[in-house]
Amino acid sequence: MKFVIAPDKFKGSLTGFEFCDAVEEGLLMVFNDAEILKKPLADGGDGTMEVAKHYIKGETVTITVKDPLFRPINASYLYSDETKIAYIEMAEASGLKLLNVNEFDCMETTTLGTGELIYDALEKGATEIILGIGGSATNDGGMGMANALGFRFLDEKGLELSPIGKHLSKVKTIDDSNKHHRLDGVKVQVACDVTNPFYGLQGAAYIYGAQKGASENEIIFLNQGLCNFAEIIKNRYEIDLQKVSGSGAAGGVGGGALVFLNGELISGNNLVKELADFDNAINGADWIITGEGQLDEQTLSGKTIDGVVKSAKSKNIPVAALCGSVSISVAQQQKFGLNYVASIVRGISTLNQAMEQSRDNLLNATFNFASLLK
């Protein structure tokens, strides 16, 4: 039998690679001649960089860039000299994780450091850039990112603005005469799993501004700034960001990447599957075994298991989900298209105990699943 093992991580417990190894061990206890293909996946969130590194066979590049508050920090990205692919997570340079809670302030923060990572990749010769935009500390519409790549944002007097959220409302002119010479020749894909428009009640400022430190009045101001920025972009580039689903992601970086990087917004799930050549890899599989820490009704909204099921359905391959916890009904399971679902937890235990025992529990659950197939 051919099994494809394609999990997300169990956050805080098992990496996708560890999941694959445990499931392989359990399968071989029953099917000692099984063909097993390990394809750990991710959805563009935490842990995606390690999975991407596995597939693009890239090296970690570390450079000094500006953090969200313009302080120098060391940030890393992946680059494969062989394939000329760079994988960049903006959270490494422009993420909330880089700030103390009392420093959260998306009026003052910038995506400049993310642009500096992109600049470095272009200088190294990247022909394809994959940009993950989760976890940002910013609401600058991608101004900082673009500024690092040679774009200048000018006020009504022609003076250059610092690329921060509160200056979106002051932008009157965009000067791209000195943009990086390789920008037009590079393929940029942006991992984006939200559908928020650029501005408005469902836009970047109203939905995400508060968690990035903005007060109610600041959210209103930032939203007005995004409206102004979108209007300037529409007049300059004939692109209506408000009509682009996901343009409000990461404080407007979704839209900024579309305009300034000629980027394509694509689900993180699909990006990782593409890197893994997943749809070709599963040809001829008898089962796909997937899993994540918690299987609930949100799982099938762009999460890793959602992507696995969609690929499996197209080839009529059954899917088994072995998860830390399961909180879906039989009806939901059937709707999702999962053929077998199990929580791997054994006995009564605390969350910490369950996490500590997750590898052994997963091995046990896999053995029992394989025994049923036998």
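The values are calculated or read from the model by the stated rules, or taken from the named source; none is laboratory data. Treat the numbers as computed from the prediction; the structure is a model and nothing was measured. Cβ: placed from backbone, ideal geometry, glycine included. Neighbour counts: every protein chain shown.
Below is a table of values for the structure above.
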item	result
Complete set of residues in the range 324-337 that are part of a helix (DSSP H, G or I) and farther than 12 Å from residue 290 by Cβ	330, 331, 332, 333, 334, 335
Members of the range 153-195 found to be part of a loop (DSSP other than H, G, I, E, B), at pLDDT 95 or above and crowded, with 23+ Cβ neighbours inside 10 Å, listed by number	163, 164
Meets criteria (crowded, with 24+ Cβ neighbours inside 10 Å, under 27 Å from the mean Cα position of the chain (by Cα) and touching a residue at least 24 places away in the same chain (Cβ under 8 Å)) for residue 207	no
So residue 330, is it in contact with a helix residue (DSSP H, G or I) (Cβ under 9 Å, 6 or more places away or on another chain) and of a type outside the set (S, T, N, Q)	no
Neighbours by Cβ (under 6 Å, 6+ apart or cross-chain): first from the range 86-109, assigned by TED's automatic domain parsing to the domain that holds residue 209; second of a type in the set (A, V, I, L, M, F, W, C) and surrounded by fewer than 21 Cβ atoms within 10 Å (Cβ to Cβ)	89/49
Residue within the range 222-244 that is at pLDDT 95 or above, of a type outside the set (Lys, Arg) and in contact with a His (Cβ under 9 Å, 6 or more places away or on another chain) present	yes
Pairs with Cβ under 6 Å, 6+ apart, first in the range 324-349 and within 15 Å of residue 304 (Cα to Cα), second part of a loop (DSSP other than H, G, I, E, B)	324/293; 336/300
First in the range 237-258 and on the phi > 0 side of the Ramachandran plot, second anywhere and aromatic (Phe, Trp, Tyr), Cβ under 9 Å, 6 or more apart	250/208; 251/208; 252/198; 252/199; 252/229
Filter result for the condition that a residue is of a type in the set (S, T, N, Q) and in contact with an Asp or Glu (Cβ under 7 Å, 6 or more places away or on another chain), over 311, 371	311
Among (1) within 15 Å of the chain's Cα centre (by Cα); (2) assigned to a helix (DSSP H, G or I); (3) surrounded by 23 or more Cβ atoms within 10 Å (Cβ to Cβ), the one test that residue 247 misses	(2)
Enumeration of residues in the range 266-309 that are modelled with pLDDT of 95 or more and polar (S, T, N, Q)	280, 283, 290
Those strands (runs of 3 or more DSSP E) lying entirely in the range 32-150 with at least 3 residues surrounded by fewer than 16 Cβ atoms within 10 Å (Cβ to Cβ)	59-66, 72-80
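For (1) surrounded by fewer than 12 Cβ atoms within 10 Å (Cβ to Cβ); (2) touching a Cys at 6+ places or on another chain (Cβ under 9 Å); (3) more than 23 Å from residue 3 (Cβ to Cβ), each residue gets a yes or a no:
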residue	(1), (2), (3)
292	no, yes, no
296	no, no, yes
311	no, no, no
318	no, no, no
321	no, no, no
324	no, no, no
336	no, no, no
343	no, yes, no
